[in-house]
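Each remark here refers to the structure printed beneath this line.
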Amino acid sequence: MLRIEKLSDGLSLFKALGSDVRLEIVRLLIKQPMNMNELAGKLHITNGALTTHIKKLEECGVVAISNDSAGHGNQKICHVVADRILIDIKDPHLPTENTCSVDLKVGRYSKCQVYPTCGLSTAEQIIGVVDDYRYFSHPDHFDADILWFTQGYVEYQVPSFAPMYSHITQITVSAELSSEAPGVNNQWPSDISFFINDVFVGTWTSPGDFGDVRGIFTPDWWFPNWNQYGLLKMLTVNDRGSFIDGLKISDVSIRELDLDQKPLFNLRFSVDYKAAHVGGLTIFGKTFGNHAQDIQVTLGYVAGDADDLDNALPASST
């Protein structure tokens with residue numbers, strides 16, 4: 001997901017998408033990645049003209065190019081990296097909400113229960129033995145920058161740095177996620193569920209375990225037939241409900257999560273064995289995949305005092 005927080009920040013994106021040719025490039029690459037020659041042939045334009053269009057789409061983060069040496073020669077493969085674009089339209093003269101944020105390294109979970117296929121790795125090496133779930137309890141798991149499993153869960157203890165007596169009005173979780181198939185499979189749906197303080201807030205269905213091209217930040221030593229990249233997803237819970245990338249997934253609101261005045265809360269990523277699509281989960285950290293970030297958690301809050309704890313948020317509907 002590509003997020004534009006201010007309209008002025010999206011100028012290059014708006015210009016890049018303001019072309020019929022570049023929109024057609026995006027439409028073609030959504031269906032499947034292509035090398036430059038294939039793409040130029042589909043569009044009936046020269047490679048030189050295509051290079052100019054691709055450069056504009058690269059600069060605004062919609063398309064990326066990776067090198068594929070598996071075929072004849074070293075080919076440049078184009079693929080879409082922004083599966084969704086979210087644009088915040090706000091009045092810049094309005095005061096912004098107070099926020100506090102924390103980045104969670106993928107391996108710093110506090111609890112887990114996972115089933116093979118499974119594994120975890122640092123940016124330099126695999127931790128332990130692949131498909132042996134016992135290594136999720138190895139002390140080195142704190143250093144992991146990618147993990148994967150077929151079913152089960154990982155749970156993180158998230159510190160809250162909101163001031164005392166403040167009211168938590170929103171929580172946002174951003175992470176790069178995909179399914180977990182044996183090997184890789186771009187068509188491998190998985191129902192990934194999210195829990196906050198043991199409250200089920202909703203499910204997102206990952207479309208696949210992506211391995212068609214190497215992830216932009218995935219280390220060079222990583223195996224080509226393993227998880228390469230995921231999709232950047234943003235889970236938001238506020239007084240209106242729970243959302244993935246702005247699309248509502250449940251009516252669970254911020255009031256139901258019991259976050260006020262708590263120094264810690266739990267965040268769980270889960271694939272239930274009873275789900276309609278038990279396709280596993282991969283979580284990518286900053287040295288893997290297409291987005292150089294860990295799991296990012298942001299709390300929005302309104303400052304208050306002990307006497308007005310019940311007045312900051314709208315009354316919940318019944």
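From Asp258, Asp251, Asp220, Asp239, grab the single residue that is more than 13 Å from the chain's Cα centre (by Cα) and either over 24 Å from Val302 (Cβ atoms) or aliphatic (A, V, I, L, M) (or both).
Asp220
Against the condition surrounded by fewer than 16 Cβ atoms within 10 Å (Cβ to Cβ) and either out of contact with any His (no Cβ under 9 Å at 6 or more places or on another chain) or polar (S, T, N, Q) (or both), how does Lys274 come out, does it pass?
Spelling it out, Lys274 is indeed surrounded by fewer than 16 Cβ atoms within 10 Å (Cβ to Cβ) and either out of contact with any His (no Cβ under 9 Å at 6 or more places or on another chain) or polar (S, T, N, Q) (or both).
Taking Gly202 and the conditions (1) in contact (Cβ under 8 Å) with a residue 40 or more places away in the chain; (2) on the phi < 0 side of the Ramachandran plot; (3) under 19 Å from the mean Cα position of the chain (by Cα), which numbered condition does it fall short on, given that it satisfies the others?
Single failed check for Gly202: (2).
Which of (1) modelled with pLDDT under 95; (2) buried (at least 18 other Cβ atoms within 10 Å of the Cβ); (3) of a type in the set (D, E, K, R) is the odd one out, the single condition Asp145 does not satisfy?
In the conditions (1) modelled with pLDDT under 95; (2) buried (at least 18 other Cβ atoms within 10 Å of the Cβ); (3) of a type in the set (D, E, K, R), Asp145 misses (1) alone.
Please go through region 48-79 and pick out each residue that is modelled with pLDDT under 90, surrounded by fewer than 12 Cβ atoms within 10 Å (Cβ to Cβ) and farther than 21 Å from Gly289 by Cβ.
Result: Gly71, His72, Gly73, Asn74.
Of the residues that make up region 188-203, is at least one at pLDDT 95 or above, assigned to a loop (DSSP other than H, G, I, E, B) and among the aromatic types (Phe, Trp, Tyr)?
yes
Those residues that are surrounded by 19 or more Cβ atoms within 10 Å (Cβ to Cβ), touching a helix residue (DSSP H, G or I) at 6+ places or on another chain (Cβ under 7 Å) and over 25 Å from Gln187 (Cβ atoms), I need them from region 13-39; list them, please.
Correct list: Ala16, Arg22.
Residues checked against (1) closer than 25 Å to Ala276 by Cβ; (2) in contact with a Ser or Thr (Cβ under 9 Å, 6 or more places away or on another chain):
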site: Asp145; (1), (2): no, yes
site: Gln151; (1), (2): yes, yes
site: Ser160; (1), (2): no, no
site: Pro182; (1), (2): yes, yes
site: Asn186; (1), (2): yes, no
site: Leu231; (1), (2): yes, yes
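Determine if region 228-249 includes at least one residue that is at positive phi and of a type in the set (Gly, Ala, Ser).
For region 228-249, residues at positive phi and of a type in the set (Gly, Ala, Ser): present.
Among (1) touching a Leu at 6+ places or on another chain (Cβ under 6 Å); (2) of a type in the set (S, T, N, Q); (3) without any contact (Cβ under 8 Å) to a residue 40 or more places away in the chain, there is one condition Gln125 misses while meeting the rest; what is its number?
So the condition that Gln125 fails would be (1).
What residue, of Gly202, Gly183, Gly152, Gly246, is surrounded by fewer than 22 Cβ atoms within 10 Å (Cβ to Cβ) and in contact with a helix residue (DSSP H, G or I) (Cβ under 9 Å, 6 or more places away or on another chain)?
Testing whether each residue is surrounded by fewer than 22 Cβ atoms within 10 Å (Cβ to Cβ) and in contact with a helix residue (DSSP H, G or I) (Cβ under 9 Å, 6 or more places away or on another chain) leaves just Gly152.
Given Gln151, Gln170, Gln157, which one is in a strand (DSSP E or B), within 27 Å of Pro224 (Cβ to Cβ) and of a type in the set (S, T, N, Q)?
When all the criteria are applied, what remains is Gln151.
Right, Ser178: under 13 Å from Gly280 (Cβ atoms) and either among the hydroxyl-bearing types (Ser, Thr, Tyr) or loosely packed, with under 15 Cβ neighbours inside 10 Å (or both) or not?
yes
Sort through Phe223, Phe210 and tell me the only one that's buried (at least 23 other Cβ atoms within 10 Å of the Cβ) and without any contact (Cβ under 8 Å) to a residue 40 or more places away in the chain.
Within the list Phe223, Phe210, the selection yields Phe210.
The values are calculated or read from the model by the stated rules, or taken from the named source; none is laboratory data. Everything quoted here is computed from the prediction, not taken from an experiment. Note that we place each Cβ from the backbone using ideal geometry, even for glycine, and neighbour counts take in every protein chain shown.
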